[in-house]
Amino acid sequence: MKAVIKVGGKQVLASLGDTIYVEKINGNVGDTVRFNEVLMLDTKVGNPYVNGAIVEGKIEKHGKQKKILVFKYKQKDRANRRTHGHRQPYTKVTITKIEG
């Protein structure tokens, strides 16, 4: 069984037993997370969500992704060379149950 769920403004394809990385979710390691915003379940397409469909997962760990460098540069102006970095926090979730 496969499902497309909406998490943190992004769409994620998940199937039973998959490990997915989503934007940080509040909760402790080992907690169960329920995703109610299921956009598609196998061949059923929601309008906008599939009625009665639920995807559950278990939080494995929290962390930060690799640093992304943002480089700002203005041509012929050596004083304004700047680099900034950003590390997006994430949550690793293992899908344990898909209903619908």
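With respect to E99, is the statement that it is in contact with a strand residue (DSSP E or B) (Cβ under 6 Å, 6 or more places away or on another chain) and surrounded by 14 or more Cβ atoms within 10 Å (Cβ to Cβ) true? Can you show your working first?
Numbers: in contact with a strand residue (DSSP E or B) (Cβ under 6 Å, 6 or more places away or on another chain): yes; surrounded by 14 or more Cβ atoms within 10 Å (Cβ to Cβ): no.
Criteria not met by E99.
The set of residues in the range 19-41 being in a loop (DSSP other than H, G, I, E, B) and open to solvent by 60 Å² or more (accessible area, probe 1.4 Å) consists of K24, N26, N28, V29, D31, N36, E37. Here A53 meets the list (1) in contact with a Ser or Thr (Cβ under 8 Å, 6 or more places away or on another chain); (2) open to solvent by less than 90 Å² (accessible area, probe 1.4 Å) almost entirely, failing just condition (1).
Of the residues I59, I68, only one is open to solvent by less than 100 Å² (accessible area, probe 1.4 Å) and either modelled with pLDDT of 90 or more or on the phi > 0 side of the Ramachandran plot (or both); which? Break it down stepwise before answering.
On the way: I68 fails: either modelled with pLDDT of 90 or more or on the phi > 0 side of the Ramachandran plot (or both).
Result: I59 is the single residue among I59, I68 that is open to solvent by less than 100 Å² (accessible area, probe 1.4 Å) and either modelled with pLDDT of 90 or more or on the phi > 0 side of the Ramachandran plot (or both).
Kindly indicate whether L13 is surrounded by 13 or more Cβ atoms within 10 Å (Cβ to Cβ), within 17 Å of the chain's Cα centre (by Cα) and not basic (K, R). The answer is no for L13. Selection of strands (runs of 3 or more DSSP E) fully inside the range 42-100 by the criterion of at least 3 residues being closer than 26 Å to S15 by Cβ and touching a residue at least 40 places away in the same chain (Cβ under 8 Å) returns 54-64, 89-99.
The values are calculated or read from the model by the stated rules, or taken from the named source; none is laboratory data. Since the structure is predicted, the reported quantities are computational estimates derived from the model, not experimental observations. Virtual Cβ from ideal backbone geometry, glycine too; neighbours counted across all protein chains shown. For accessibility, only protein heavy atoms count, side chains too; no ligands or nucleic acids. Shrake-Rupley method; radii C 1.70, N 1.55, O 1.52, S 1.80 Å.
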